[in-house]
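Step one of this worksheet: look at the structure below.
The values are calculated or read from the model by the stated rules, or taken from the named source; none is laboratory data. Quantities reported herein were computed from a predicted structural model and do not represent experimental measurements. Note that we place each Cβ from the backbone using ideal geometry, even for glycine, and neighbour counts take in every protein chain shown. Surface accessibility is based on the protein's heavy atoms, side chains included, excluding ligands, DNA and RNA. Shrake-Rupley method; radii C 1.70, N 1.55, O 1.52, S 1.80 Å.
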Amino acid sequence: MSSPIRTTRLTAPALRSRKGATPIVAITAYNTIMARLVDPHVDCILVGDSLAMVEHGMGSTLGASLELMIAHGRAVMAGASKALVVVDMPFGSYEASPADAFRAAARLMADTGCGAVKLEGGTGMAETIEFLAERGIPVMAHVGLTPQSMNALGGFRTQGHDEAGRDRILADARAVCDAGAFSVVLEGIVEPLAEAITRDIAAPTIGIGAAAACDGQILVLEDMLGLTEKAPRFVKRYAALGEAVDRAVSNYADEVRARDFPGPEHVYRPRA
């Protein structure tokens, strides 16, 4: 009798070791079906707080709660067996103190089984990242355009256009890397800065609206599948599933109204 094939899930240290090697492929997913579909193809699945907007129709990521992130994290873990699953720490769950951050991160990991957490912020979060890393919680950092800070940033604006902004973001990336982040998301920053940060820090960089030179890339799955009405400039649409869904549901509605569905092959006949 043959033994079952065992797959090994990618870990945070293994992903960190990919710095400068094969590019890291990351994508978001928020439910079991999508996680199962993307898992064979990617290295990392992020359960991003963007789910507040994409899945729940909120106006920003700020409405995501810890309970909501846990529920979606569990769903993704049920569908993924190969990729490293990272769950976003929601706004308000980690900023007050390193101890608060640890409690929230520990609950996220224990209740979902995920392999790491992600939090936003640079130099101001370095102490918290170090505190978590020292206690066995792998942290993916996120600098540049940080959506949870949209009110302070004045909206979703590209960062790093002036010297002061470039110096600040570079300092942020260095600080989170030195604090122990196993990777750093670079969002919405000018290309030369993303390239410079990628060369400068030891942790792999994962770009979203950054540069092809980053050590990896991530996109919101619904954006790249064409399921959202509007997508940022940095998104490439790899499919037009929104149009496909519209056609499919329209055809279904037409057939129901014409009594063409269900057909003979879709109904149950009495046993002879």
>> Against the definition (modelled with pLDDT under 95 and either assigned to a helix (DSSP H, G or I) or over 20 Å from the mean Cα position of the chain (by Cα) (or both)), how does MET125 come out, yes or no?
In response: no
> Out of (1) in contact with a helix residue (DSSP H, G or I) (Cβ under 6 Å, 6 or more places away or on another chain); (2) in contact (Cβ under 8 Å) with a residue 24 or more places away in the chain; (3) open to solvent by less than 50 Å² (accessible area, probe 1.4 Å), the odd one out for GLY63 is which?
Replying inline: (2)
> Conditions: (1) open to solvent by 10 Å² or more (accessible area, probe 1.4 Å); (2) hydrophobic (A, V, I, L, M, F, W, C); (3) within 22 Å of PRO98 (Cβ to Cβ). VAL143 meets all but one. Number of the miss?
Replying inline: (1)
>> Please verify whether PRO90 is closer than 23 Å to ALA181 by Cβ and surrounded by fewer than 20 Cβ atoms within 10 Å (Cβ to Cβ), treating the condition exactly as stated.
In response: no
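For (1) under 29 Å from PRO13 (Cα atoms); (2) over 19 Å from the mean Cα position of the chain (by Cα); (3) touching a residue at least 24 places away in the same chain (Cβ under 8 Å), each residue gets a yes or a no:
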{"residue": "LEU170", "(1), (2), (3)": "yes, yes, yes"}
{"residue": "ALA175", "(1), (2), (3)": "yes, yes, yes"}
{"residue": "VAL184", "(1), (2), (3)": "yes, no, yes"}
{"residue": "GLU191", "(1), (2), (3)": "yes, yes, no"}
{"residue": "CYS214", "(1), (2), (3)": "yes, no, yes"}
{"residue": "VAL220", "(1), (2), (3)": "yes, no, yes"}
> Looking at segment 66-81, which of its residues are in contact (Cβ under 8 Å) with a residue 12 or more places away in the chain and surrounded by fewer than 16 Cβ atoms within 10 Å (Cβ to Cβ)?
Replying inline: ALA78, SER81
>> Looking at GLN148 and the list (1) open to solvent by 40 Å² or more (accessible area, probe 1.4 Å); (2) under 21 Å from the mean Cα position of the chain (by Cα), which single condition is not satisfied?
In response: (1)
> So THR28 fits all but one of (1) surrounded by fewer than 11 Cβ atoms within 10 Å (Cβ to Cβ); (2) of a type outside the set (D, E, K, R); (3) at pLDDT 95 or above; what number is the exception?
Replying inline: (1)
>> Checking the structure you have, find out if any residue of segment 150-167 is closer than 20 Å to VAL86 by Cβ and either touching a Cys at 6+ places or on another chain (Cβ under 8 Å) or of a type in the set (A, V, I, L, M, F, W, C) (or both).
In response: no
> Which condition does GLY57 not pass, out of (1) in contact (Cβ under 8 Å) with a residue 12 or more places away in the chain; (2) open to solvent by 10 Å² or more (accessible area, probe 1.4 Å); (3) not charged (D, E, K, R), if it passes all the others?
Replying inline: (1)
>> Out of the residues in segment 226-252 meeting the condition of being of a type in the set (Gly, Ala, Ser), over 24 Å from GLU195 (Cα atoms) and outside any helix (DSSP H, G or I), tell me which one is least open to solvent (accessible area, probe 1.4 Å).
In response: GLY226
>> Looking only at segment 253-272, how many residues end up being open to solvent by 70 Å² or more (accessible area, probe 1.4 Å) and outside any loop (DSSP other than H, G, I, E, B)?
In response: 6
